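Below is one structure, written out as structure tokens, with a few remarks after it.
Nothing in this text is a laboratory measurement; each read-out follows from the coordinates by a stated rule. Owing to the predicted nature of the structure, the values given are computational and were not obtained by experimental measurement. Reconstructed Cβ throughout: ideal geometry from the backbone, glycine too, with neighbour counts over all protein chains shown.
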Amino acid sequence: MSCDPAFEAARGALELLSTLKPPRLIGFGTGHTVGFFMDLARGYSGSWLVVASSIDTAVRASRLGFNVLYPPRGPLDVYVDGVDEVDPSGNMVKGGGGALLGEKILAFNSSVNIFIASEDKLVDVLGSRRPIPVEVVRDYAPLILGALESLGFKASPREGSGKRGPVVSDWGGVIVDVHVNGVRDPEALETTLRSIPGVVETGLFIGYADYIVVGFRKCGYKVLRFERRRSRR
């Protein structure tokens with residue numbers, strides 16, 4: 001028997017959530033795996049207030065019957081999101097959907113963070129399979145790209161699929177993909193990237209996880225518990 005590991009992770013996250021204090025205000029991330037979670041959680045649409053990490057998520061949540069709070073207020077009780085990569089320490093790369101800025105804001109302002117991942121997202125070293133997304137100020141993107149390249153990074157604006165040109169986030173920044181060929185020290189890389197004026201946010205999520213739920217092709221899931229270090233408290 002074979003299962004969709006993303007679905008298994010989403011199912012595990014909902015079961016984990018049932019063991020915690022029932023949330024009133026919950027944040028939803030962006031992406032395929034979170035979509036599974038929202039579908040499974042439709043039964044709570046009458047009792048949860050939702051804060052969305054992107055326009056795409058807000059529209060999807062509304063269509064599923066959830067009450068989407070706008071403008072967002074907090075702090076959140078729980079935030080649920082997917083990941084692009086996660087290392088053994090619980091550090092993550094996110095932003096494949098271009099919503100990294102909203103996602104990090106919600107994760108920082110949530111009491112409990114649950115991240116969900118299919119087993120293929122587990123890596124030994126971050127950045128070994130995919131680039132690190134970075135949001136930069138739109139009007140100065142060429143200068144910021146030059147600064148990244150001067151530090152030895154290969155960086156390029158992410159190309160959109162619905163229009164010509166770079167991907168522009170919901171907050172007006174350009175999404176740049178920075179190729180690093182493996183990150184041995186994620187915190188040092190985060191500091192380096194954030195030191196460049198015009199870099200708004202990075203897709204490195206270091207110390208944000210309370211729980212990571214991993215789903216498997218052979219069906220089932222595993223809950224990993226981490227010591228969270230990044231929050232408003």
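Quick rundown of the values:
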| read-out | value |
| --- | --- |
| Pairwise Cα inverse-distance average, inverted: Kirkwood Rh of the chain (Å) | 17.9 |
| Residue-count net charge about Arg138 - beta-carbon cut-off 14 Å; Lys, Arg +1, Asp, Glu -1 | -3 |
| Under 29 Å between alpha carbons - lysine pairs in the chain that sit 8 or more apart or on different chains | 19 |
| With Cα atoms, 0 to 90° folded angle of helix 141-150 axis to the chain main axis | 70 |
| Value of relative contact order over the chain, rounded to a whole percent, pairs C-alpha under 8 Å and six or more apart | 26 |
| Dimensionless Rg ratio for the range 53-186, taking C-alpha atoms and the 2.2 N^0.38 Å reference | 1.13 |
| Relative contact order of the range 132-203, defined on C-alpha pairs under 8 angstrom at six or more residues apart (%) | 47 |
